[in-house]
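Written below as structure tokens is the structure these notes are about.
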Amino acid sequence: MNVQLVGRQDLTLAAPASRGTILEVEDLHIAFPSRLGPREVVRGISFQIGAGEILAIVGESGSGKSVTARALVGLAGPGSQVHAKALRLADHDGEPRSLTGLSERQWSRIRGRKIGFVLQDALVSLDPLRTIGREVGEPLLTHGLLPRNEIGKEIETLLARVGIPDPAVRAAQYPHELSGGLRQRALIASALAARPRLLIADEPTTALDVTVQQQILGVFQALAKAGHGILLITHDLAVAAQLADRIAVMQNGELVETGPARAVLRDPRHEYTQRLLSAVPSAATRGRWLSTQGTRPAKPPQPERVEPILALRDIAVRFTRPDRSVTHAANGVSLHVHPGATLGIVGESGSGKTTIGKVALALRKPDAGEVLFRGHAWSQLSERQRRPLRRHIQTIVQDPLNSFDPRYTVERIIEQPLLLHTDLAKAERSARAQELIQLVNLPPDVLDRRPTALSGGQRQRVSIAQALASEPDLLICDEPVSALDVTTQAQVLDLLIALQHRLGLAMLFISHDLGVIRHMSDRIAVMKDGVIVETGPADDVFDAPKHDYTRRLLAAVPRL
Amino acid sequence: MALRRFGIIAAVLWGAATITFVAVKAIPGDPVAILTGGENVVDAAEREALVRQFGLDQPLPVQYLRYIGQALRGDFGDSYQYRQPVLEVIGEAAGPTLQLAGTAMALALGLAFVSALATAGRRKGLRTVLAGLELAVLSTPVYWVGLLLLTVFSFYLGWFPIIGGEGIHALILPAIALCLPLAALLAQVLRDGLEEALLQPFALTVRTRGVSETQLRLRHALRHAALAVSTLTGTLFAGVLAGSILTETVFGRAGVGQITLQAIKTRDMPLLLGLVMLSALVSVLINLAVDALYLLIDPRLRRAAR
């Protein structure tokens, strides 16, 4: 399937006629009512998008980037107050039309027709109860662009334009029957259906694996070449770097820096942009702190003893699907984690990396093979025999909110393992919780709060404190920073490394993010379809990948 | 799959028949007294003849087996009270009941759809008023609503007959009385379903295509909300088909509710068993229909069902 070719060929036919500015935004303010009066979330931002140009607005969660995008189609949300000195969109004839003070009826003629909008995660952004064809054709029907009997043909053309093979077959299928990549293409096709000149894409590749992400980015590149103006909203600097002509960095409702992509990335002017850029983990960040940019001391030398703390030997895990077919989540997986060292497991969704984490934690019994933990036949013990050893192996998950009891205070959450594994008295437990919360760099007053009152980064620190309470030797970290913003991610990764140095922790670090894996790991195992295709020291695997899949994976990662 | 379904239906019907049989036999009392309308109305010879005629001299297991055997052939025996075949008795009552239940259900669905579509996630004032009305209707006994309707429209205005009557004219007030609580319940569930669907990310996508709020509801959200509503509609419909004793009583209508009441009062064993089997059958069929509807509405369920 050649996305670029399919895209370019057909898109040239649909190229918007004129050049010049498509969207002009001047001094845009967006406020929401709150008990303390209107709360401004976007504070006077200005930008322009020209034909064939891709502008990326990059920012962390809460920066106001998504609400900006939605305000451009009049959907900033209930109660929102949107003001701008100028908000102009070029019509199909190239004449600018103002978007301020439009009625709902006027907006509905802009939406889809003049501005196409692509959201993230097409599994939930396409109506699951309707066929792909009906979803893609809806803008045509709504804006009355084609008679009903011609829509079917146009849908197939649109699906082909975004590189979907067998468009006739796909049009008759439902979203859940398509892969994530095809769904996202279909969503783009639906945004393109009414031939808008401007496309807004809000995190269009965030839910996708890197190889699929690469294909979708290719679709956007082809669309820009064909003359569409594209506003890309993303938290991912590397995605912006690869796709955008210009980058605007957003922080707290303001654009702190705007410029050509290369200039912003190579020579960031604003302190926040610099901080964002240096917080992205990569090959270059190994050996330095992410959040402060300082060099970090080398890891304390490990004893020469090579007895691994955790060993998996020929692990196989099979799942039986409802239709009785069998899938191998793991097949002949062998790996070792040494004391004080980090083994990174990297792979795309469905590769079996989370299953391996569960097997290591003895939460899932392998169908074949054995697990040794601290020399014990870990997978063969009964849970009763395992229990006294459990304190030595702890886990950190992607979103600890789900594993915290929302009624417990942070203190009680941290004290739970102490109650289970130690005989400490109440006052001693309380003192220990104080120590632990300081260890993860949180202020002591956090202890009295409940998990829902904490930010994502604070919650992840609490979960680290809880994991450390029983003084483990091994941490199983499953996507521990995937839900965090890049600057928060940097702080949590720094914390994990500092703790590893201080406490001599071993880590099994599972992630889909190659940059994070490279930054964190001593050794790396690359997983695909339940099999480890390549394993070795981090630098060797990244710099001289031996397996074809590793090479493809590395090539697909957008670079800064 | 189909065979399994059939097995489940058979098991449900058999279970319903058995439980009713046990329950009726467990209640103390003399069936002959019921047959003849009082204690010691007939002499020993007549009594013996009646007992033999209705098979009451047989041991219980034999009575049970004979009953089940006959039921399998669609023969539920003769009603004690009406002295005619049970199926005929039920058949006569089913007509008015079907009329009333069908009309009330259709009205209720119509009202619920209009109210929910108009107020789900918009028109805050109207939404509050309607939601309050629904709560009021749900917490008011149906006979009170019925009496209120009768007082206003039959006594004062004289538009409708007070008791009984024929044709559509006589159907209107009872159907309204019966439909109001159904409509209230359906509207609540439908509105919740719509509001949940409208919060899904796909609703935002649909809005960005320039689709109007009303079209978004009709083309997209309604189908999502229809899942919960179809289950509830099925359950409610099975309920009203089994007879609406209160509505029938207030408006003096014949129907399944009336004969059920009589059958329980007089312990008319064959009729009661026939009625239970009927309502079990109706439930099972409606459940089948709802399951089929689910597959029609949600394509994601189709593969699992196959």
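Summing Lys, Arg as +1 and Asp, Glu as -1, what charge do residues with Cβ under 15 Å from the Cβ of A:ASP127 carry, A:ASP127 excluded?
Local charge sum for A:ASP127: +3.
Can you tell me which of A:130-136, A:39-45 comes out highest on packing, and rank the rest after it, using the mean Cβ neighbours within 10 Å?
The most tightly packed comes first, giving A:130-136, A:39-45.
Tell me, what is the Rg over Rh of segment B:48-160, with Rh the Kirkwood radius over Cα pairs?
The Rg/Rh ratio comes out at 1.24.
Would you mind working out the magnitude of the charge dipole of segment B:172-223 relative to its Cα centre, with +1 at each Lys and Arg C-beta and -1 at each Asp and Glu C-beta, to the nearest 20 Debye?
Once rounded to the nearest 20, the dipole reads 240 debye.
Just the number, please: carbon plus sulfur as a percent of the accessible area of segment A:310-555, 1.4 Å probe, no ligands or DNA/RNA counted.
Its accessible area is 48 percent carbon and sulfur atoms.
About the Cα centre of chain A, what is the dipole size in debye to 20, counting +1 per Lys and Arg Cβ and -1 per Asp and Glu Cβ, all else neutral?
400 debye
In Å², what does the accessible area per residue of chain A work out to with a 1.4 Å probe?
Accessible area per residue: 43 Å².
With a 1.4 Å probe and every protein chain kept in, tell me what percent of the accessible surface of chain B is carbon plus sulfur.
That share works out to 68 percent.
Run the simple label-point estimate for A:ARG105 and A:THR211 please: 7 Å along Cα→C-beta, distance reported in nm.
Those two pseudo-labels are separated by 5.2 nm.
Taking each residue of A:124-134 in turn, how many C-beta atoms of other protein chains fall within 10 Å of its C-beta, and what is the average?
Mean partner shielding for this stretch: 5.
List the residues, sorted by chain then number, that are 5 or more residues from A:GLU254 or on another chain and whose placed amide H is less than 5 Å from its amide H.
Placed amide hydrogens put A:ARG43 under 5 Å from A:GLU254.
So which residues of segment B:223-252 lose at least 30 Å² of accessible area, probe 1.4 Å, when you go from the chain by itself to every protein chain present?
Buried by 30 Å² or more upon assembly, which counts only protein chains, are B:ARG223, B:HIS224.
Among B:ALA292, B:ALA16, B:ALA242, which one shows the highest mean-square fluctuation when chain B is modelled as a Gaussian network with alpha-carbon springs under 10 Å?
B:ALA292
Looking at chain B as a GNM with Cα springs under 10 Å, which of B:VAL24, B:VAL114, B:VAL282 has the largest mean-square fluctuation?
B:VAL114
Just to confirm a number: summing +1 for Lys and Arg and -1 for Asp and Glu over residues other than B:GLY274 whose beta-carbon lies under 14 angstrom from that of B:GLY274, what do you get?
-3
Anything in chain B that counts as a DSSP H helix reaching 24 Å or more along its axis (C-alpha) with Kyte-Doolittle mean of at least -0.5? List them, would you?
B:2-26, B:86-119, B:167-199, B:222-241, B:269-297
Using θ = phi - 60° and the Karplus relation 6.51 cos²θ - 1.76 cosθ + 1.60, list the HN-Hα couplings for segment A:162-173 in order, rounded to whole Hz, with x at every Gly or Pro.
8, x, 9, x, 6, x, 5, 5, 4, 4, 8, 8
Cross-link partners among lysines for B:LYS25, C-alpha distance below 25 Å, same-chain residues fewer than 8 apart left out?
Here the lysines satisfying the reach criterion relative to B:LYS25 are B:LYS265.
Enter the buried accessible area of the B/A pair, total of both sides, probe 1.4 Å, in Å² rounded to the nearest 100.
2200 Å²
Give, as a single signed number, the net charge of other residues whose beta carbon lies under 14 Å from the beta carbon of B:ALA104, with Lys and Arg counted +1 and Asp and Glu -1.
Local net charge: 0.
Separation between the B:ALA289 and A:ASN402 pseudo-spin-labels, each 7 Å from Cα along Cα→Cβ, expressed in nm?
It is 4.0 nm.
Whole-Hz Karplus ³J(HN,Hα) for segment A:473-480, in order, using 6.51 cos²θ - 1.76 cosθ + 1.60 and θ = phi - 60°, x for Gly and Pro?
Listing the rounded values in order: 9, 9, 10, 9, 9, 9, 6, x Hz.
What shape does segment A:310-555 have by the C-alpha gyration tensor, where a ≥ b ≥ c are the square roots of the eigenvalues, rounded means a/c under 1.5, and otherwise prolate means a/b greater than b/c and oblate the rest?
Here segment A:310-555 falls in the prolate category.
At a threshold of 8 angstrom on Cα-Cα distance, excluding pairs fewer than six apart, so keeping six or more, what relative contact order does chain A reach in percent?
Over chain A, the number comes to 15 percent.
So, in nm, how far is label A:LYS299 from label B:GLN84 when the simple model puts each one 7 Å beyond its Cα toward the Cβ?
Rounded to a tenth, the inter-label distance reads 9.2 nm.
Let me know the mean shielding of B:193-205 by other chains, meaning the per-residue number of their Cβ atoms within 10 Å of its Cβ.
Per residue, the average neighbour count from other chains is 4.
For peptide B:216-222, what's the mean number of Cβ atoms from other chains within 10 Å of each residue's Cβ?
Average neighbour count from other chains, rounded to a whole number: 2.
Placing unit charges on C-beta atoms (Lys and Arg positive, Asp and Glu negative, everything else neutral), compute the dipole magnitude of segment B:1-142 about its Cα centre in debye, rounded to 20.
1220 debye
Compute the FRET efficiency between B:VAL282 and B:SER139 as 1/(1 + (r/R0)^6), taking r as their Cβ-Cβ distance and R0 = 25 Å, and round to the nearest 0.05.
0.35
Scattering from the C-alpha atoms of the protein assembly as shown alone, worked out with Debye: what is log10 I(q)/I(0) at q = 0.05 1/Å?
Taking Cα atoms of the protein assembly as shown as identical point scatterers yields -0.43.
For A:LYS85, which lysines qualify as cross-link partners when the Cα separation must be under 23 Å and same-chain residues fewer than eight apart are set aside?
A:LYS85 reaches A:LYS65, A:LYS114.
In terms of the Cα gyration tensor, with a ≥ b ≥ c the square roots of its eigenvalues, is chain B rounded because a/c is under 1.5, prolate because a/b exceeds b/c, or oblate?
Oblate, since a/c reaches 1.5 and b/c is not below a/b.
Against the longest principal axis of chain A, how steep is helix A:132-142, in degrees 0 to 90 to the nearest 10, with axes from Cα atoms?
Result, in degrees: 40.
Indicate the gyration tensor shape class of segment A:361-440 (rounded, prolate or oblate), computed on the Cα atoms with a ≥ b ≥ c the square roots of the eigenvalues: a/c under 1.5 is rounded; otherwise a/b larger than b/c is prolate and the rest oblate.
It is prolate, given that a/c is not under 1.5 and a/b is the larger ratio.
With θ set to phi - 60°, apply the Karplus curve 6.51 cos²θ - 1.76 cosθ + 1.60 along segment A:382-387 and write out the HN-Hα couplings as whole Hz, x wherever there is a Gly or Pro.
7, 4, 4, 6, 6, 3
Using only Cα atoms, tell me the angle between helix A:410-421 and the longest principal axis of chain A; keep it within 0 to 90° and round to the nearest 10.
Approximately 40 degrees, to the nearest ten.
Using the alpha-carbon atoms, what tilt in degrees (0 to 90, nearest 10) does helix A:180-192 show relative to the longest principal axis of chain A?
With both axes taken from Cα atoms, the answer is about 20 degrees.
The values are calculated or read from the model by the stated rules, or taken from the named source; none is laboratory data. Owing to the predicted nature of the structure, the values given are computational and were not obtained by experimental measurement. In this analysis, Cβ positions are derived from the backbone assuming ideal geometry, glycine residues included, and neighbour counts consider all displayed protein chains. When the accessible area is computed, the model is the full protein with side chains, heavy atoms only, and any ligands, DNA or RNA have been set aside. Shrake-Rupley method; radii C 1.70, N 1.55, O 1.52, S 1.80 Å.
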